[in-house]
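Only one structure is covered here, and it is reproduced in the block below.
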Amino acid sequence: MRRIIAILLAAMMLLALAACGGTDAPENEKVSLDDIPAVEDLTGVDTSKIIGLEDGVLTVGMECAYAPYNWTQMNDANGAVPIANVDGAYANGYDVMIAKRICEAYGWELEIVSSAWESLTPAVQSKTMDANIAGQSMTADRMAEVEMAGPYYYATIVCVTTKDSDYADAKSIADLAGGKCTAQSGTIWYDSCLPQIPDAELDAPADTAPAMLMALQTGTVDFVCTDMPTAMGAAAKDDNLVILDFSGTDGDFQFASEAERAENVNIGISVLKGNTELKDAMDKVLSALTVDHFNALMDYAISIQPEV
């Protein structure tokens, strides 16, 4: 019966994915959800001595407000998980799907806690959270503070503007010169990318991704800088938004090396510094998935995200 149900669910998700579309995989043909390998059964592995997993519960922090990585909804539709610290609310999104996959592999119970972006790393460091699965880039600064499993997604850096904007036809960051812009606080988009735009007028950083997008939609700024999944999720719900993708061109945002670029676009899972056992356990599950599998899961997350 479980096998029949799993097949039916995979078919339903595939139909949703086909209706939505999404980004192509970087190198190979796009795969569908039913191409993603089944979760490996690792329940026989003794994980009781892993820091934080002594009780068999993986406590995961995320904003629950960063679609399509994670969001809040008021029911358990599409496999949403209750938010432990918000009565009656449920978390869903790409991060939730990854967390569920990891927990299923080891037989752990999943507990999701809603947390402000700036509180995520301190929560792992204080052991309030076992892990953050929250769309965090694997930057050198962050990895000096925590261990990071992954990547569990590879995210292109883009800008987003509106169809009636003077910047809607921009072909490079040079074409964005003089524009008023913002990005989410505590991100490389605000700290490293936007300052590369000539004469850019940086507005105050937004506390959250929704606040960043609201600044664009209300005309407070001309464009914002974010990653491709966030941009795709926003554009899927607002057809007045235009995604400006300069990747692969000389007009893209620049980094000192390809290694530095990679650390800013690779998305990872934060765990306590020194907790390599938990990092390795997560990496074992993630290693079964390819870039194409990640893209298929992200496309599905975008297809089921709620209206803002």
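The values are calculated or read from the model by the stated rules, or taken from the named source; none is laboratory data. Nothing here was measured: the structure is a model prediction, and the numbers come from that model. As a convention, Cβ positions derive from the backbone with ideal geometry for all residues, glycine included, and neighbour counts pool all protein chains shown. Side chains included, ligands, DNA and RNA excluded: accessible areas come from the protein's heavy atoms. Shrake-Rupley method; radii C 1.70, N 1.55, O 1.52, S 1.80 Å.
Of 238, 292, 164, which has the largest mean-square fluctuation in a 10 Å C-alpha GNM of the chain?
164
What does the range 153-249 give for Rg and for Dmax, in Å, if only its C-alpha atoms count?
Considering the range 153-249 through its Cα atoms, Rg and Dmax are 11.7, 32 Å.
Per residue, what volume in Å³ does the Cα convex hull of the range 93-155 take up?
In the range 93-155, the Cα hull volume divided by residue count equals 99 Å³.
In whole percent, how big is the carbon plus sulfur part of the accessible area of the chain, probe 1.4 Å, protein atoms only?
On the way: 7090 of 13880 Å².
Ligands and nucleic acids excluded, carbon and sulfur give 51 percent.
Tell me, how many Å apart are the Cα centres for the range 240-263 and for the range 95-164?
One Cα centre to the other: 22 Å.
Rounded, prolate or oblate, given the Cα gyration tensor of the range 257-305, with a/c below 1.5 counting as rounded?
It comes out oblate by the Cα gyration axes.
Give me the net charge of residue 107's neighbourhood, meaning all other residues with Cβ under 13 Å from the Cβ of residue 107; Lys, Arg count +1, Asp, Glu -1.
Around residue 107, the surrounding residues sum to -4.
If you put +1 on each Lys and Arg Cβ and -1 on each Asp and Glu Cβ, how big is the dipole of the range 163-230 around its Cα centre, in Debye rounded to 20?
With Lys and Arg at +1 and Asp and Glu at -1, about 120 debye.
Label residue 51 and residue 261 with points 7 Å out from Cα along Cα→Cβ: what is the distance between them in nm?
Simple spin-label model gives 3.5 nm for this pair.
Report, ordered by chain and residue number, the lysines lying within cross-link reach of residue 49, taken as a straight Cα distance under 23 Å and ignoring same-chain residues fewer than 8 apart.
100, 127, 273, 279, 284
Distance between Cα centroids, the range 192-214 to the range 265-288: provide it in whole Å.
Taking the Cα centre of the range 265-288 as reference, the centre of the range 192-214 is 30 Å away.
Give me, ordered by chain and number, the residues 5 or more places off residue 136 or on other chains with an amide H under 5 Å from its own placed amide H.
Placed amide hydrogens put 268 under 5 Å from residue 136.
How much net charge surrounds residue 167 when only other residues with a Cβ under 11 Å from its Cβ are counted (Lys, Arg +1; Asp, Glu -1)? Working shown, then result.
Details: positive: 163, 171, 180; negative: 164, 166, 169, 175, 222.
My count for the surroundings of residue 167 gives -2.
Using 7 Å Cα-to-Cβ label points, what is the residue 254/residue 164 separation (nm, one decimal)?
3.6
To the nearest 20 debye, what charge dipole does the chain have about its Cα centre, counting +1 at the Cβ of each Lys and Arg and -1 at the Cβ of each Asp and Glu?
The calculated dipole for the chain is roughly 600 debye.
Compute a Gaussian network model of the chain, connecting alpha carbons closer than 10 Å, and tell me which residue from 233, 61, 79 fluctuates the most.
Evaluated over the chain, the most mobile residue of the options is 79.
List the DSSP H helices in the chain whose Cα atoms stretch 18 Å or more along the helix axis and whose mean Kyte-Doolittle hydropathy is at least -0.5.
Details: long enough: 2-20 (27 Å, 2.14); 94-106 (19 Å, 0.25); 291-304 (20 Å, 0.68).
Long hydrophobic helices here: 2-20, 94-106, 291-304.
Determine the per residue accessible area of the range 34-88 with all protein chains present and a 1.4 angstrom probe, expressed in square angstrom.
50
What is the pair-distance distribution P(r) of the range 71-204, computed from all Cα-Cα distances in 10 Å bins starting at 0, with each bin given as a whole percent?
10, 31, 30, 21, 8, 0
What would the Debye formula give as log10 I(q)/I(0) at q = 0.21 Å⁻¹ for the alpha-carbon point model of the range 196-308, no solvent?
Log10 I(q)/I(0), no solvent term: -1.36.
Report the accessible area of residue 54, computed with a 1.4 Å probe over the heavy atoms of all protein chains in place, in Å² rounded to the nearest 10.
120
Could you pull the accessible area for residue 173 with a 1.4 Å probe, rounded to 10 Å²?
20
Using label points projected 7 Å from each Cα along Cα→Cβ, tell me how many nm separate residue 273 and residue 38, to one decimal.
Each label point is offset 7 Å from its Cα along the Cβ direction, giving 4.2 nm.
For the range 194-246, what is the per residue volume of the convex hull drawn over the alpha-carbon atoms, in cubic angstrom?
89
Residue 83's amide H: which non-local residues (gap 5+, or another chain) put their own amide H closer than 5 Å, with H modeled 1.01 Å from N in plane and none for Pro or chain starts?
Excluding prolines and chain starts, which carry no amide H, the hits are 89, 90, 91.
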